[in-house]
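Remarks on the structure that follows.
The values are calculated or read from the model by the stated rules, or taken from the named source; none is laboratory data. From a predicted model like this one, the values you see are computed outputs, not experimental measurements. Accessible surface areas use protein heavy atoms only, side chains included; no ligands, DNA or RNA. Shrake-Rupley method; radii C 1.70, N 1.55, O 1.52, S 1.80 Å.
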Amino acid sequence: MMIRNFTSQELRLAILTNQLAITLQPKVCLKTFQVIGYEALLRWNHPRYGLIPANQWIRIAEERKLINHLTSWLISQIATFLSQSDSPLPIAINISPASMTIPYVNQIIAILRYHKVPSHLITLELTESLKVENYNIIAGSINMLRREGIRISLDDFGTGYNSLKTLVELEVDEIKIDKSLIQSDHPNSTLILATLANLAKEINIDIVCEGIENNTHLNRAIKINAQVGQGYLFGKPEPINHPLPASAAAKQFA
Ligand code: C2E
Ligand code: CA
Ligand code: CA
């Protein structure tokens, strides 16, 4: 169910009263099948509408100018979690293009420093469908984050009209190929996958494939030499206190 009419107060209250749940989905090395990190995905446990996935309300949070508040809360929670872990694995956090401004990037860096979290443990996943007119500001923000040691991933890669332009103009560490390409049987998708993979190799950036649900999807990811995979085949998003341990995926595929 789409909820379109929640207020800013409702979302602020959701944060304050623990209605937002953080889940972690494992990211797996496609050579060893070890868990090498996680992606943080938000759920809203709404008192009236039940459990609502993020894609049904993140856009509204962006429109209501609440996204930075929300992202700061999430980064603080993840930083606390990482600082309390004995052997922490990197965690990827989704970031809205609207948040990629110099003042807000400074805030992200300040939160991580406050919690004393090594910046290499954080990847920010930025959706690839960016508005071209914001490129300069976004490029400056990306450079600042990368200088700090934070990794940048281009999410939903291959779905926008500007994939190649984005890749050429923004300096990123990895592309995350959209699940629609990995899951498609269409010959054109195979061609696009191979082209993207060649380009990524050429400019020396990592490839992550999301939406791997079965062996067919897994084989497609392996065929294009993707380093990392993510999807229900390896593990679904689980509550942050019960993430899949590093050895679990390896056991399944050994
Ligand atoms: P995304 O970043 O592309 O996240 C991947 C989505 O695919 C997640 O949906 C995940 O649960 C789902 N997924 C993972 N593996 C599989 C699979 O094998 N098969 C299928 N069919 N789906 C799979 P989710 O959790 O509903 O998140 C949807 C979108 O909401 C995310 O897409 C992301 O764009 C956004 N989102 C989630 N959390 C946040 C957040 O904290 N901040 C921001 N800005 N956006 C967020
Ligand atoms: Ca993502
Ligand atoms: Ca994605």
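Decide, for region 1-112, between rounded, prolate and oblate: order the square roots of the alpha carbon gyration tensor eigenvalues as a ≥ b ≥ c, take rounded if a/c falls under 1.5, and otherwise choose prolate if a/b is larger than b/c, else oblate. Since a/c reaches 1.5 and a/b is larger than b/c, the shape of region 1-112 is classed as prolate. Karplus-derived 3J(HN,Hα) values for region 180-193, using 6.51 cos²θ - 1.76 cosθ + 1.60 with θ = phi - 60°, are 5, 6, 5, 8, 8, 8, 5, x, 4, 5, 4, 5, 4, 4 Hz; glycine and proline are entered as x.
Only Cα pairs under 8 Å and 6+ residues apart enter the sum, and on that basis the relative contact order of region 152-226 stands at 33 percent.
Computed from phi, the 3J(HN,Hα) profile of region 40-48 under the Karplus parametrisation 6.51, -1.76, 1.60 (θ = phi - 60°) reads 7, 10, 8, 10, 10, 8, 7, x, 9 Hz, with x in place of Gly and Pro. Probing with 1.4 Å while keeping every protein chain in the model, the per residue accessible area of region 124-254 equals 52 Å². In order along region 198-205, the Karplus-derived 3J(HN,Hα) couplings, from 6.51 cos²θ - 1.76 cosθ + 1.60 at θ = phi - 60°, round to 4, 5, 4, 5, 4, 9, 6, 10 Hz, and Gly and Pro are given as x. Rg then Dmax, both in Å and based on the Cα atoms of region 64-126: 11.4, 38. In terms of the Cα gyration tensor, with a ≥ b ≥ c the square roots of its eigenvalues, is the chain rounded because a/c is under 1.5, prolate because a/b exceeds b/c, or oblate? Since a/c stays below 1.5, the shape of the chain is classed as rounded.
Distances between every pair of Cα atoms in region 165-248, grouped in 10 Å steps from 0 to the bin holding the largest one, split as 17, 46, 28, 9, 0 percent.
Short-range pairs are left out: with C-alpha atoms under 8 Å and at least six residues apart, the relative contact order of the chain is 22 percent. Annotation: extensible slack from H186 through N214 equals 8.4 nm (criterion: 0.36 nm per residue apart, minus Cα-Cα distance). Annotation: extensible slack from N106 through E169 equals 20.5 nm (criterion: 0.36 nm per residue apart, minus Cα-Cα distance).
Need one word for region 44-159: rounded, prolate or oblate. Basis is the Cα gyration tensor (sqrt eigenvalues a ≥ b ≥ c); a/c below 1.5 gives rounded, then a/b vs b/c decides. Note, shape of region 44-159 comes out oblate.
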